[in-house]
Amino acid sequence: MADAPNIAPAKTPGRKKLFIKTYGCQMNVYDSGRMADVLAPLGYAPTDRPDDADMVILNTCHIREKAAEKVFSDLGRLRALKTAKADMLIAVAGCVAQAEGAEIMARAPYVDIVLGPQTYHRLPEMVARTARAKNDPAAGQKGVLDTEFPAEPKFDHLPAPKADGPTAFLSIQEGCDKFCTFCVVPYTRGAEYSRPAADILREARGLVAGGAAEITLLGQNVNAYHGEGARGLGSLIRALAEIDGLARIRYTTSHPRDMDDDLIKAHGDVPQLMPFLHLPVQSGSDKILASMNRGHTRDDYRRIVDKLRDARADMALSSDFITGYPGEADRDFDDTMELINEIGFVQSFSFKYSPRPGTPAALMKPQVPDDVKTARLHLLQQVLDIHLRNFNKDCVGRTFDVLLTGSGRYPGQLVGRSPYLQAVHVMADPKHIGTIVPLAIVSVEAYSLGAVWAEDSFGRISCGEPVPTSPGNALAPVVSA
Ligand code: SAH
Ligand code: SF4
Ligand code: F3S
């Protein structure tokens, strides 16, 4: 998973400037927006330059060692900025803050606030406390550390987010009780919590009223959703689909164990639900899946994919993979490659196993040597890349409904999203931004598609070709299993 982009928080006029750097997953992107929202009433307005900021927040990720290390190198750079601007506030939020709060305070004493993901609603109070301590050095307070898991859900105390363009994230669930042996998330985000359906529907209506046409429902285990007022994620999606103007619904990240029949059925019944699902499998080896405590076999995964494609034939899948998990032998890795070729994932994230402190897998034996992890990762990525390119190539000649989201890189060009989350470029008037238009795909760049307006023989915009009823070439394996 790549670092999320630096977020430009909601635009609010103010005297003070706030810079937020977001690492990690989309939950962090959503949370960064919420932190900006709670700070807006204190007069903080966004800036995209840390050297211009009165307050800098690093919203961090602990998932792999590299992600966590970046935080300390970024803090080193911020220290220099703070030396030049003594009243600058530095806060560290997110999963590194949760896991290594005390260490951050010790290693980087110039950090003013360390706050875990469940305490963002208390940020204004922490800022006020820090300011008081600065004005009264006699109080002797060094910094604020708040990594509690408060009983009251933060969502009840955070302002509703405003739409910032045609696509929006909406957090519906947080935390994880699955305890995969390699993963820190159950420790950094805490136990699973699902928001009540009524709150989610209210937030979704607000986002649509503000111009969002596509909402991605977020959760560390989004399909474990069991909030009050809904019978599961399928039922919540059906309720959301009733909202006028909400043209597209997505959800991420799902766990295979929670892909229940009602949710699968929703993929067939609810046209707003996009035919693209990120469903991480991690490994294709039953031995490794069991050791990871994933709670499913490779056959279970295959069956889920078959059911999804029965419900909606044009369904495309993406996944996460880990190479070099403890005990992974060549045979296990071959099983993963075989599954990749069988399913034909159209886009994926893959990582070398990174031992994380406090997780069971970090202590398992044998650990796989780094050069083996790397070699397997390269092989895996080569094959995933072939699948991705083949899928993109097979899109040429098709017509997709594309949600135009903004300006492209060249003058006169717009960029949008296909149903499969591919970036699509087209020359078009900016007035179309925020609308969904049928576009004929005519070319493929490395990782994006080029399109022209799809017009019928009368020169009018057509309503788009039906998507193929079978996966066809687009999803076929590139290497036989
Ligand atoms: N909840 C999601 C994943 C969240 S973490 C799920 O269950 O699939 C995102 C991805 O990071 C995981 O899917 C996994 O592939 C990867 N990951 C997590 N811990 C890791 C570790 N210790 N080393 C390498 N990759 C890891
Ligand atoms: Fe981590 Fe597993 Fe939970 Fe996903 S399901 S967040 S990989 S523990
Ligand atoms: Fe990273 Fe925490 Fe998300 S560890 S992936 S920011 S839940």
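The values are calculated or read from the model by the stated rules, or taken from the named source; none is laboratory data. Owing to the predicted nature of the structure, the values given are computational and were not obtained by experimental measurement. Cβ: placed from backbone, ideal geometry, glycine included. Neighbour counts: every protein chain shown.
Any chance you could count how many residues in region 55-77 are farther than 22 Å from Ala40 by Cα and either crowded, with 17+ Cβ neighbours inside 10 Å or of a type outside the set (Gly, Ala, Ser) (or both)? Adding up the residues that qualify gives 15. Scanning region 155-165 for residues that are touching a residue at least 60 places away in the same chain (Cβ under 8 Å) and surrounded by fewer than 20 Cβ atoms within 10 Å (Cβ to Cβ), which turns out nearest to ligand 2 (Cβ to nearest atom)? That would be Leu158. Determine which single condition Val467 fails, assuming it passes every other condition in (1) under 27 Å from the mean Cα position of the chain (by Cα); (2) more than 25 Å from Ile215 (Cα to Cα); (3) at pLDDT below 75; (4) aliphatic (A, V, I, L, M). Here Val467 meets the rest and fails (2). Checking the stated criteria, Ser254 turns out not to satisfy the condition of being free of Cβ contacts under 8 Å to residues at least 60 places away in the same chain and not in a loop (DSSP other than H, G, I, E, B). Is it the case, given these coordinates, that Leu81 is surrounded by fewer than 20 Cβ atoms within 10 Å (Cβ to Cβ), in contact with an Asp or Glu (Cβ under 8 Å, 6 or more places away or on another chain), within 23 Å of Arg129 (Cβ to Cβ) and not charged (D, E, K, R)? So Leu81 fits the description; yes. Within region 274-292, the set of residues being within 17 Å of Ser254 (Cβ to Cβ) and not aliphatic (A, V, I, L, M) comprises Pro275, Phe276, His278, Pro280, Gln282, Ser283.
Only one of the listed residues (Gly245, Gly295, Gly229) is within 16 Å of ligand 1 (Cβ to nearest atom), surrounded by fewer than 22 Cβ atoms within 10 Å (Cβ to Cβ) and in a loop (DSSP other than H, G, I, E, B). That residue is Gly295. All told, Ala168 meets the bar of being in contact (Cβ under 8 Å) with a residue 40 or more places away in the chain, more than 30 Å from Lys287 (Cβ to Cβ) and either in a loop (DSSP other than H, G, I, E, B) or among the hydrophobic types (A, V, I, L, M, F, W, C) (or both). If you check Ser350 against the conditions, is it in contact with a helix residue (DSSP H, G or I) (Cβ under 7 Å, 6 or more places away or on another chain) and within 16 Å of ligand 3 (Cβ to nearest atom)? So Ser350 fits the description; yes. Only one of the numbered conditions (1) touching a Pro at 6+ places or on another chain (Cβ under 7 Å); (2) without any contact (Cβ under 8 Å) to a residue 12 or more places away in the chain is not met by Pro186, and that is (1). Inspect region 141-151 for any residue being more than 11 Å from ligand 1 (Cβ to nearest atom), out of contact with any Phe, Trp or Tyr (no Cβ under 6 Å at 6 or more places or on another chain) and under 25 Å from Gly234 (Cβ atoms) and give the result as yes or no. No: region 141-151 contains no residue that is more than 11 Å from ligand 1 (Cβ to nearest atom), out of contact with any Phe, Trp or Tyr (no Cβ under 6 Å at 6 or more places or on another chain) and under 25 Å from Gly234 (Cβ atoms).
Counting only strands (runs of 3 or more DSSP E) that sit wholly inside region 26-135, those with at least 2 residues that are within 16 Å of ligand 3 (Cβ to nearest atom) are 55-60, 89-93, 113-115. Just one of the listed residues (Asp286, Asp262, Asp258) is touching a Gly at 6+ places or on another chain (Cβ under 6 Å) and of a type outside the set (A, V, I, L, M, F, W, C), and it is Asp262.
Scanning region 90-116 for residues that are surrounded by fewer than 24 Cβ atoms within 10 Å (Cβ to Cβ) and within 16 Å of ligand 1 (Cβ to nearest atom) gives Ala99, Glu100. For region 185-219, residues that are within 13 Å of ligand 3 (Cβ to nearest atom), outside any helix (DSSP H, G or I) and surrounded by fewer than 22 Cβ atoms within 10 Å (Cβ to Cβ) total 2. For region 377-392, the criterion of being within 30 Å of Met427 (Cα to Cα), outside any helix (DSSP H, G or I) and among the polar types (S, T, N, Q) is met by none of the residues.
When each of Phe351, Phe345 is tested for being over 21 Å from Ala329 (Cα atoms) and either β-branched (Val, Ile, Thr) or assigned by TED's automatic domain parsing to the domain that holds Pro166 (or both), the lone residue that passes is Phe345. Residues of region 400-455 that are modelled with pLDDT under 95, charged (D, E, K, R) and assigned to a strand (DSSP E or B): Glu455 alone. The set of residues in region 341-371 being under 25 Å from Cys61 (Cα atoms) and either polar (S, T, N, Q) or in a helix (DSSP H, G or I) (or both) consists of Gln347, Ser348, Ser350, Ser354, Thr359, Pro360, Ala361, Ala362, Leu363, Gln367, Asp370, Asp371.
Regarding Asp320, is this residue within 14 Å of ligand 2 (Cβ to nearest atom), surrounded by fewer than 22 Cβ atoms within 10 Å (Cβ to Cβ), touching a residue at least 24 places away in the same chain (Cβ under 8 Å) and not in a loop (DSSP other than H, G, I, E, B)? In short, yes.
Within region 326-362, being surrounded by fewer than 17 Cβ atoms within 10 Å (Cβ to Cβ) and among the basic types (Lys, Arg) holds for one residue alone: Arg331.
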